[in-house]
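Asker: The structure that follows is given in the form of structure tokens.
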Amino acid sequence: MSKPAGKSTLKFALEMGPIVAFFAGYILLRDKTFTIGGTEYDGFIMVTAGFIPVMLISTWLLWKLTGHVSKMQIVTAVLVVIFGGLTVWLNDERFFKMKPTMIYALFAGALGWGLMRGKSYLSYVLDGAMPLTPEGWTILTRRMMYFFVALAIANEAIWRTMSTDMWVNFKTFGLPIAIFAFFMTQGGVIQKHAAQPDDQA
């Protein structure tokens with residue numbers, strides 16, 4: 001019993017660790033400026049530069065621990081490298097702030113495309129973690145698609161109209177809390193459309 005519990009705790013720590021590290025790094029360096037090669041970089045840019053390898057190492061450790069990395073984690077890691085790299089290379093924090101928008105817009109688009117084809121890609125992404133009937137997966141996928149659209153819009157509104165401090169707080173605390181709250185409010189659908197053993201046979 002302790003082994004699976006310990007593994008689950010470590011998995012959660014590896015998933016949340018990069019986000020916590022980004023927040024802590026930002027708090028420490030947000031008011032500092034660094035000159036490298038004659039170019040000045042503020043604390044946000046330096047923290048972003050450090051976040052990229054931390055994210056990649058965390059993803060690799062997850063794979064080593066479980067032998068599996070979800071499609072969402074792979075896409076997230078790739079976009080971190082792309083938008084984080086552009087942020088550091090162009091010395092422009094806007095690219096990294098746009099990253100969550102692109103991630104959630106991409107996920108919403110993928111789920112919507114699947115629904116148009118009569119498929120629930122969410123069931124593939126979650127790897128059957130929740131045993132639901134096809135109707136249940138369709139309902140949950142549609143709601144998740146709208147939820148991702150709302151997150152993308154919220155991220156755009158916050159980084160374009162509010163301070164960097166507010167955006168970092170939103171990214172660190174607001175997004176995880178919103179995702180947790182979403183799944184907590186889907187209990188009715190999950191309970192109503194739970195697949196019975198006969199359905200899965």
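Asker: Could you please find all residues in segment 145-167 being in contact with a Lys or Arg (Cβ under 9 Å, 6 or more places away or on another chain) and surrounded by fewer than 13 Cβ atoms within 10 Å (Cβ to Cβ)?
Answerer: Arg160, Asp165
Asker: Filter segment 94-118 down to residues that are under 30 Å from Gly37 (Cα atoms), surrounded by fewer than 20 Cβ atoms within 10 Å (Cβ to Cβ) and touching a helix residue (DSSP H, G or I) at 6+ places or on another chain (Cβ under 6 Å), then give me how many there are.
Answerer: Looking only at that region, the number is 1.
Asker: Could you check, for segment 18-38, whether at least one of its residues is within 20 Å of Asp165 (Cβ to Cβ), assigned to a strand (DSSP E or B) and not assigned by TED's automatic domain parsing to the domain that holds Thr164?
Answerer: Yes: one or more hits.
Asker: Out of segment 20-53, which residues are buried (at least 16 other Cβ atoms within 10 Å of the Cβ) and within 18 Å of Trp89 (Cα to Cα)?
Answerer: Tyr41, Asp42, Gly43, Phe44, Ile45, Met46, Val47, Thr48, Ala49, Gly50, Phe51, Ile52
Asker: Now a separate question. Count, please, the residues in segment 63-92 that happen to be surrounded by 15 or more Cβ atoms within 10 Å (Cβ to Cβ) and touching a strand residue (DSSP E or B) at 6+ places or on another chain (Cβ under 9 Å).
Answerer: Total meeting the criteria: 1.
Asker: Would you pick out the residues in segment 91-101 that are free of Cβ contacts under 8 Å to residues at least 24 places away in the same chain and part of a helix (DSSP H, G or I)?
Answerer: Phe95, Lys99 - these are the residues of segment 91-101 that are free of Cβ contacts under 8 Å to residues at least 24 places away in the same chain and part of a helix (DSSP H, G or I).
Asker: Oh, and also: Sort out which residues of segment 6-58 are among the hydroxyl-bearing types (Ser, Thr, Tyr) and in contact (Cβ under 8 Å) with a residue 24 or more places away in the chain, and write them in order of number.
Answerer: Once the filter is applied, which keeps residues that are among the hydroxyl-bearing types (Ser, Thr, Tyr) and in contact (Cβ under 8 Å) with a residue 24 or more places away in the chain, segment 6-58 yields Tyr26, Thr39, Tyr41, Thr48, Ser58.
Asker: Same structure again: Hey, can you tell me all the residues within segment 127-167 that are without any contact (Cβ under 8 Å) to a residue 24 or more places away in the chain, assigned to a loop (DSSP other than H, G, I, E, B) and within 27 Å of Val189 (Cα to Cα)?
Answerer: If the condition is that a residue be without any contact (Cβ under 8 Å) to a residue 24 or more places away in the chain, assigned to a loop (DSSP other than H, G, I, E, B) and within 27 Å of Val189 (Cα to Cα), then Gly128, Ala129 are the ones that fit.
Asker: Scan segment 82-109 residue by residue and report those that are under 16 Å from Thr164 (Cβ atoms) and among the aromatic types (Phe, Trp, Tyr).
Answerer: Passing the criteria: Phe83, Phe95, Phe96.
The values are calculated or read from the model by the stated rules, or taken from the named source; none is laboratory data. Only a predicted model underlies this, so the values are computations on that prediction, with no experimental measurement involved. Please note: Cβ atoms are built from the backbone with ideal geometry, for glycine as well, and neighbour counts cover all protein chains shown.
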